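Here's the structure we're looking at; comments come further down.
Read-outs throughout are calculated quantities, based only on the coordinates presented, and are distinct from any laboratory measurement. In this text, all values refer to a predicted model and were calculated from it rather than measured experimentally. All Cβ positions, even for glycine, are placed from backbone atoms using ideal geometry, and neighbour counts span all protein chains on display.
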Amino acid sequence: MLIAAAVMTMAYGSSAVAADPRHPVVQNFGAISPMPGAKERPDRKLRYRVLFSVTKATASPDQVNPNLEKVARFLNLLGADGVRPLPGDVAVVIHGPATPLVMDDAAYAERLKTANNPNLPLIAALRSAGVSVRVCSQALVGNKVDPATVAKTVEIDVSALTTMATLQLRGWALIPD
């Protein structure tokens, strides 16, 4: 057992050894497959400032949005190599057909005829990992989502267009869905 822990430490870095190597940062979401021999790896010397654009709705409203889960996978991939972005250095802007995923349980259930919003636990886990989760106010209007029904853990930006432009001009990398 001690040898296995030593190998994990050498392969992934001392801060990344976790009880669950498939979820070193965001538990229960964004599972990864550790690959110790892979060539290109996260760089501990870089400051990862990344913006994810989430626009696509899920095929079924009772499923977690796979593009939102991609954010958790990104954090887990970085974390497996001991890289942890600073709080707020990873952001998600939700817009387009994905917009309803930010609604609280009651509004989501009423609108999409499901028991609850399966995205809220993932949003909470991302927030706990330091991710800024945002929604486009223009998309709220366009998708007829009352801003009062947006989950309290989600920030409302004036628009996804301006958020994406502003953060890219500040040096952030954009990952589209």
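Among the listed values (i) 0.99; (ii) 1.02; (iii) 1.11, the one computed from these coordinates for Rg/Rh (Cα atoms, Kirkwood Rh) is (ii). Sequence-distant contacts, meaning Cα pairs under 8 Å at least 6 residues apart, place the relative contact order of the chain at 25 percent.
Note on the chain: helix-only mean residue ellipticity at 222 nm, from DSSP H runs of 4+ residues weighted -39500 (n - 2.57) and normalised by residue number, equals -9500 deg cm²/dmol. Counting only lysines at least 8 places from residue 70 when in the same chain, those with an alpha carbon closer than 24 Å to its own are 39, 45, 56, 152.
Exposure proxy shown here: for 104, 20, the number of other Cβ atoms within 10 Å sets the order, fewest to most, as 20, 104.
Stretching residue 148 away from residue 22 to a fully extended chain increases their span by 41.8 nm, per 0.36 nm per residue minus the current alpha-carbon distance.
Note that the stretch 23-40 has calculated 3J(HN,Hα) couplings of 9, x, 10, 9, 5, 6, 9, x, 4, 10, 10, x, 9, x, x, 5, 6, 6 Hz, one per residue in order, obtained from phi through the Karplus relation 6.51 cos²θ - 1.76 cosθ + 1.60 (θ = phi - 60°); glycine and proline are x. The Cα atoms of the stretch 79-171 cover 41, 29, 18 Å along the three principal axes, with the biggest extent listed first. Going from the residue with the fewest nearby Cβ atoms within 10 Å to the one with the most, 70, 39 rank 39, 70. Here 94, 156 are placed in order of increasing Cβ neighbour count within 10 Å, fewest first, which gives 156, 94.
The charge dipole of the chain, taken about the Cα centre with unit charges on the Cβ atoms of Lys, Arg (+1) and Asp, Glu (-1), comes to about 460 debye, rounded to the nearest 20.
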